[in-house]
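Bear in mind these aren't lab numbers, they're just calculated from the coordinates by the rules spelled out. Nothing here was measured: the structure is a model prediction, and the numbers come from that model. When we count neighbours, we look across all protein chains shown, and the Cβ atoms used for this are built from the backbone with ideal geometry, even at glycine.
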Amino acid sequence: MAKIKEDLPDSVQLGTEDWVNQIIITAAKQRASDIHFDPYENEFRVRFRIDGLLNPIVSQPLELYPMVARRLKILTKVDISDDRKPQDGRGQLNDPETKQLVEFRLSTIPSIFGEAIVVRFVNQSKSIFESFEAMGMDPSDAEMMRFTITRPSGLFLIAGPAGSGKTSTLYTALNYIRSPQKNIITLEDPVEFHVEHIRHCQIRPAIGFTFAEGMKAVLRQDPDVIFIGEIRDHETAEVAVRAALSGRLVFSNISTSDTVGTITRFIELGIPRSFLASSLLLATSKRLLRKNCSNCSESYTPSDKFLAYAGITSLEGTNFKKGKGCEVCNGKGYRERTAIFEFFVVTKEISSLIIEGATTQELIDVARSQGMKTLRESAMNLAVNGEITLEDAIYIT
């Protein structure tokens, strides 16, 4: 991280406003997704999350932290006098060199040494929604996605952990189908992107405007397409399924580890199997994996333990690589990330199995016989071809 540190002023004392601004602009230039400001007993530390990993950047005396927190709150228009409860805000800065606008969200939470603050960058570039192929999908998978999202009704789900690109995938889908002839409404917490021909609605649980209540209101707005930020409870799941069954196309995130897990999750939320089987069109799971740095990656032999995990008994036909670290990747051996996907298409056979109460493994077996490629299989293909390490392929999937 030497190059990053060179771009930063030495101390907050040189000017809080300039220092905070430079931290944010430098993080954006270094492709960070988040900045963490962490107060400790005698100091506060700043970390950038780059390519999925947190990197320590700089530390400063704790007595300077209140000025930093105040500056961040002013930028994001949150209450500077309240440090006892979590707060969220949104702000922007102009990069004086590139003249580009840097947009970001702020989240605070009280900790014993002060407010822990996270700044998350919001990528408003329309190019990130251009195509499914641009985000790493195979052409055949992208075509299947386009076919699914142009259906007149049904439920399309995407699963995965936080930070795996679920929202950007859903927005790519919305961007593909949006038009003045369609009424597309989103329910989000928070609203991350602003797209023409889409009505964005901010969920506010504190005043009772939850996802479930929002869905009830949206259904009275004559929608063609509804995007729900996340399905978390029985009421939201039930309204989403009923909306899909009544002729709307419904998109949503759901917290499960894989595509077939969405079936189990909906059943746990009390949705009848017959309703789910009749409404669900497609479940997709996504992960982002660190790519080997193209400048310094070199061939290596993974340990016997990882080869055994992967079920590899011979190195013939493999091209395992790992970055050794260089100036281009700031000594990490990785630069940028690539996406892998898993697609669980609800065919007539799978729909029948859901109604009959088939086990998760039975559903996986049938889906694979119909062409589904698992996340592990996709990751292994990348590892064997040297795009990622075998260790990351196994760890992430």
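Quick notes on this structure:
- Averaging the sequence gap over all C-alpha pairs within less than 8 Å and six or more residues apart, then dividing by the number of residues, gives the chain a relative contact order of 12 percent.
- Interatomic Cα distance distribution for the chain, bins of 20 angstrom, percent: 24, 52, 23, 0
- Segment 343-397, Cα convex hull volume normalised per residue, Å³: 77
- No Cys partner within the rule (Cβ under 4.7 Å), the chain: C201
- Descending semi-axes in Å of segment 318-362, equivalent ellipsoid built from Cα gyration tensor: 44, 11, 9
- For segment 239-397, the alpha carbon positions stretch 55, 33, 22 Å along the principal axes, listed from largest to smallest.
- Applying 0.36 nm per residue to the separation of A162 and S59 and subtracting their alpha-carbon distance, the gain on full extension is 34.4 nm.
- Protection-proxy order for peptides 190-199, 297-306, each taking the mean of Cβ atoms within 10 Å per residue, highest first: 190-199, 297-306
- Straightening the chain between N123 and R31 buys 32.1 nm, computed as 0.36 nm per residue apart minus the Cα-Cα spacing.
- Length gained when the stretch E143-E377 is fully extended (0.36 nm per residue, less Cα-Cα span): 82.2 nm
- Burial order of peptide ranges 311-322, 137-148 (average beta-carbon count within 10 Å, highest first): 137-148, 311-322
- Sparsely packed trypsin sites (Lys or Arg not before Pro) within segment 37-129, loop by DSSP, other Cβ within 10 Å at most 16: K77, R84, K99
- Between Y300 and Q370, the FRET efficiency estimated from the beta carbon spacing at R0 = 45 angstrom works out to 0.80.
- Three-way shape call for segment 105-176 based on the alpha-carbon gyration tensor, with the a/c threshold at 1.5: prolate
- Shape parameters for segment 177-311, alpha-carbon atoms, Rg then Dmax in Å: 19.6, 59
- Cα-based equivalent ellipsoid of segment 138-227: semi-axis lengths in Å, sorted from largest, via gyration tensor: 23, 17, 12
- For V191 and S314, the FRET efficiency from 1/(1 + (r/R0)^6), where r spans their Cβ atoms and R0 equals 56 Å, is about 0.65.
- Given R0 = 22 Å, the distance between the Cβ atoms of E268 and K348 translates into a calculated FRET efficiency of 0.35.
- Note that segment 2-122 carries a Kirkwood radius of 14.3 Å, evaluated over its alpha carbons pair by pair.
- For segment 247-295, taking the reciprocal of the average inverse distance between every pair of different Cα atoms yields a Kirkwood hydrodynamic radius of 13.0 Å.
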